[in-house]
Structure formats: structure tokens, C-alpha cells
Amino acid sequence: MVLKNITVLGSGIMGHGIAQISAMSGYRVVLRDIEKQFLDKAMEKVKWSLQKLSEKNKITNAQVDEYYNNITPVIDLKEAVKDADLVIEAVPEDYNIKKNVYRDLDIVSNNNVIYASNTSTLPITELSKLTKNPSKFIGVHFFNPPQLMKLVEVIPGSDTDPSITNEISNFVKGLGKTPILCKKDVVGFIVNRVFIPLVHEAVYCQDRDNVTMQIIDSAVKYKLAFPMGIFELADYTGIDVIYKATQEMSSRDKKVILPHPKIKELYDRKQLGQKSGQGFYQYKGDKYERIDLSEEKASKYDPTAILGVALNNASWLISNEVCTKEDLDNALNLGMGLKTNLFELANKFGVQKIVNELKKLEIYGEFYHPNEYLLALK
Ligand code: 3HC
């Protein structure tokens, strides 16, 4: 089957970006949301991003218009999916919202259409069973910003037809991205299994060590070679996304994450990060903005606990054969922009020191218990 028409459901941070890169690869794209104001905002963001890419000579001025015009914003669901070969669902990370969307979608979509969910944490098999055709259902997990991040996790559910996995992996490659197969449908898949718990850990570090967010973030950026600090990245991703991912992950597996109450507090106060002007940090508006981090601030903090938590979850993924170590390194590099592989950092910091730190933290819960793969590295 040749995919030509793509419909993206949900025009938020991920939805508008996925629509944009699909439009940039020559697909006819429909972007669907439930209110015009959401679609208007999304199309504004697409314009901003295309103009940025043209400023950097990655695309021409003519392409800005061409790609923009390849996207049709639509509110009516039936109209949105009438010609679709592939529907990519990127609605909020809430099981009940997704359940309703798939119920409505099943009524109006034709039988050949492939459903791909951009869920960040929900089990694909569970979602696929909500639909009329689980064999044509798959996870395609993009990373924020989809326009720049090269990774897409591809997650087949237990009923997904292997030909669909193949087709979707080729679609991802056609977008200029690297598909990495998540071999088991585990909560958080590969990258979020590492990333989401780190946001909570960064807040615990602040509590335990009584240092500022900028100091922790600077250490993460300059000592762990992340492109952004953890608080900065959480604000950039959206506190609502972090909160909902946390809920879905911890309701399915208590050991995967140690939720810190601060995330729920921010969420309840609608301090959703950069998009609302306030999250962990304060912002001037809802536009792309960076936090002032420095090597000087980094020198004041030892981020061993943060590295330990990342390594421990990474070790779990490898020891449970969700992915190979090589795929893990690629995924973190392409999905989160890590400039140094985690296990290289482990050698630099000292595996024994990291394990000791995790053991010290075990008083706070089993979450910190060092994984056998990590222990075997000593
Ligand atoms: N489209 C086009 N250009 C964009 C853009 C977009 N969407 N977003 C940012 N840019 C531009 C910036 O405006 C900037 O342009 P300028 O040079 O004119 O100012 C340029 O890209 C480079 O940005 P920065 O100077 O801020 O520098 P960086 O080199 O740090 O790159 C980044 C930005 C790619 C966002 C990088 O910081 C990064 O990789 N951050 C980590 C992102 C990450 O971890 N994402 C995954 C989160 S987890 C997730 O998404 C999963 C979900 O399920 C939770």
C-alpha cells in the first residue's frame, strides 16, 4: 500500500510538528483538532518553525509556503479522515480521552486505514484492543520537537501485523527519521522510561541537596552532556505531558517511577511550562526560550544521583531485552540529544560510585535498587 494521505489527530506540541514533517515529505496532511483556536495556534507554530528552517537555509522561501499549504486544518472528524491512509493520533496522554477518540474514529474511518498512536507511555496492545482492527494498530512515538529530533520509536502491539511494522518503519525513514524498534510493549517504551523518572529525581535532588534548579540543570548540561537541563526540558516538554505520563506509567508499574508531589502541584496550578509562561521556571511568553545555564554553576553540583537513576532504568531496559545497548544509546542520542553515551558517562563517574549512591537512596524506595545489569558492570 502506498501511503499518500496522513491525518494527524491533535494539534498540540507533537501533533503540529508531526503534521509539519509529514507535509515536508510530500504527504497531503490533514490536521484535526476539536476547536478552531487550537488549529489556528498550531498553524502559527508550523509557520514559525518553517520560517526558522528557511532562515537557516534548510528549506527555501517557496518551500515554506508549499509545506504550509500541504496541511489542511479540519475540525470535523469524518471529514478529516475521509481520504486517510494513515491516522496518527497525538491527542493528550489520557487513557479516557484516547478511548473516546478511537471509538469515534472507528465509526467514521474506512477499514484499510492504519492507526498509529504517538502515545508516550500507554501500552500499544491495550490501545489497539479499543479499535476494530488491532492488526493495523501500531505505536509511533516522536520526540519534541519532531521537526528537529531524529528518533521515532516504533512499537508493535501483540496483534500488530508485521507488514504494518515494516510499512510504518519505512514511512518513518521517509520522513528523514530513524525508527528504533521497541521490542517489548513496556510502559514508557525506551526513552520515556529513562526521561520521565529523571524529572522527579531532579526535584528530589533539589530537596535533598538544597541547591537551585539552575545549578542542577547546569550540571546536567555540562557534566552529563544533555542539551538542556532536566527542569528546562520538563518545562519545554510540558508539565501536563510529564504529569499524565507519570500517572499512566505509575498506575501500570509502581517500580518504574517515584513520583514527586511537585509535578502534580504545578499541574494543578496550570503551571504547564513554557507554553503557559510558567512551569519550574518563568518565561516571557509562550515562545521558544532557553534557561541561562553555565559551567560555573555546573561546578557547584555533582549529578551522580541523576546519572544513577538514568543508568538504572537504562539497565532495566537492556536486561529485560526491550532494546539492545546500541539501540538505547542511539535512542537517547537521537531522541534527547545526549552527546555522550550513558554507559560511557558511567565509566567516567565510576560505576562503583554510582551504585553506592543508588544503594544510599534505597531508603527512599525500591525504585533505587540497582539493576543486575548495572551491578555486573562493576
Ligand atoms: N523548528 C525549527 N527550529 C527550531 C524549533 C522547531 N520546532 N525549535 C527550536 N528551533 C531552533 C531554535 O529557535 C534555534 O534557532 P536560533 O539559532 O535561530 O535561535 C535553533 O533551533 C537551535 O536551538 P538552540 O540554540 O536553543 O540550541 P540547541 O542546539 O540546544 O537545539 C534542541 C535545540 C534541538 C531543542 C536541543 O536543545 C535538544 O535536543 N533538546 C532536548 C530535547 C529533548 O530531549 N526532546 C525529547 C523530550 S521527551 C519527548 O518528547 C517524549 C514525550 O513523549 C514526553
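Structural remarks
- Global geometry of the range 118-206, whether rounded, prolate or oblate, following the gyration tensor of its Cα atoms and the 1.5 cut on a/c: oblate
- With an a/c value of 1.5 or above and a/b not larger than b/c for the gyration tensor axes a ≥ b ≥ c computed over the alpha-carbon atoms, the range 237-337 is described as oblate.
- Overall form of the chain: prolate. Here a/c, set by the Cα gyration tensor axes a ≥ b ≥ c, is 1.5 or more, and a/b is the larger of a/b and b/c.
- Of the residues Asn144, Ile107, Pro123, the one whose Cα sits farthest towards the positive end of the charge dipole of the range 80-148 is Ile107 (charges of +1 on Lys and Arg Cβ, -1 on Asp and Glu Cβ, taken about the Cα centre).
- Cleavage-rule hits (trypsin sites (Lys or Arg not before Pro)) in the range 239-299: DSSP loop, at most 15 neighbouring Cβ within 10 angstrom: Arg269, Lys270, Lys284, Lys287, Arg290
- Note, ³J(HN,Hα) from phi for the range 257-273, Karplus 6.51, -1.76, 1.60, rounded to Hz, x at Gly and Pro: 8, 10, x, 9, x, 4, 5, 5, 4, 4, 4, 5, 7, 6, 8, 8, x
- Here the relative contact order of the chain, from alpha carbon pairs under 8 Å that lie six or more residues apart, stands at 13 percent.
- FRET efficiency for the Thr212 to Glu321 pair, using the beta carbon distance and R₀ = 35 Å, is estimated at 0.30.
- Degrees separating the helix 304-319 axis from the principal Cα axis of the chain, which is the longest one: 60 degrees
- Of all accessible heavy-atom area on the range 5-181, the percent that carbon and sulfur account for (1.4 Å): 50 percent
- Degrees separating the helix 213-223 axis from the principal Cα axis of the chain, which is the longest one: 90 degrees
- Once divided by 2.2 N^0.38 Å, the Cα radius of gyration of the range 5-181 becomes 0.96.
- Across the alpha-carbon atoms of the range 71-123, the computed radius of gyration and Dmax are 11.1, 30 angstrom.
- Packing-based ranking, highest mean first, of 142-154, 193-205 given that Cβ atoms within 10 Å are counted: 193-205, 142-154
- With θ taken as phi - 60° and the Karplus curve 6.51 cos²θ - 1.76 cosθ + 1.60 applied, the whole-hertz 3J(HN,Hα) list for the range 283-291 is 10, 6, x, 9, 8, 3, 8, 10, 8 Hz, x standing for glycine and proline.
- For the chain, the solvent-accessible area of protein heavy atoms averages 43 Å² per residue (probe radius 1.4 Å; ligands and nucleic acids excluded).
- Given +1 at the Cβ of Lys and Arg, -1 at the Cβ of Asp and Glu and no other charges, the dipole of the range 191-375 around its Cα centre is 280 debye to the nearest 20.
- Rounded to 10°, Cα long-axis angle of helix 13-24 versus longest principal axis of the chain: 50 degrees
- Amide hydrogen neighbours beyond the local backbone of Thr119, cut-off 5 Å, H modeled: Val140
- For the range 5-181, the Cβ-based charge dipole about the Cα centre amounts to some 320 debye (Lys, Arg positive; Asp, Glu negative; other atoms uncharged).
- With helices as the sole contributors, the chain gives -15500 deg cm²/dmol at 222 nm; each DSSP H run of n ≥ 4 counts as -39500 (n - 2.57), and the sum is divided by every residue.
- Cβ-placed point charges (K, R +1; D, E -1), dipole of the chain about Cα centre in debye, nearest 20: 260 debye
- Highest average packing first - 208-216, 105-113, 229-237, Cβ atoms within 10 Å: 229-237, 208-216, 105-113
- As a fraction of the 1.4 Å probe accessible area of the range 191-375, surface on carbon and sulfur atoms comes out at 48 percent.
- In the distance distribution for the range 191-375, Cα-Cα pairs more than 23 Å apart total 38 percent.
The values are calculated or read from the model by the stated rules, or taken from the named source; none is laboratory data. What you see is a predicted model, and the numbers here were worked out from it, not measured in a lab. Every residue, glycine among them, receives a Cβ derived from its backbone with ideal geometry; neighbour counts consider all protein chains shown. The accessibility values were calculated without ligands, DNA or RNA, using every heavy atom of the protein model including side chains. Shrake-Rupley method; radii C 1.70, N 1.55, O 1.52, S 1.80 Å.
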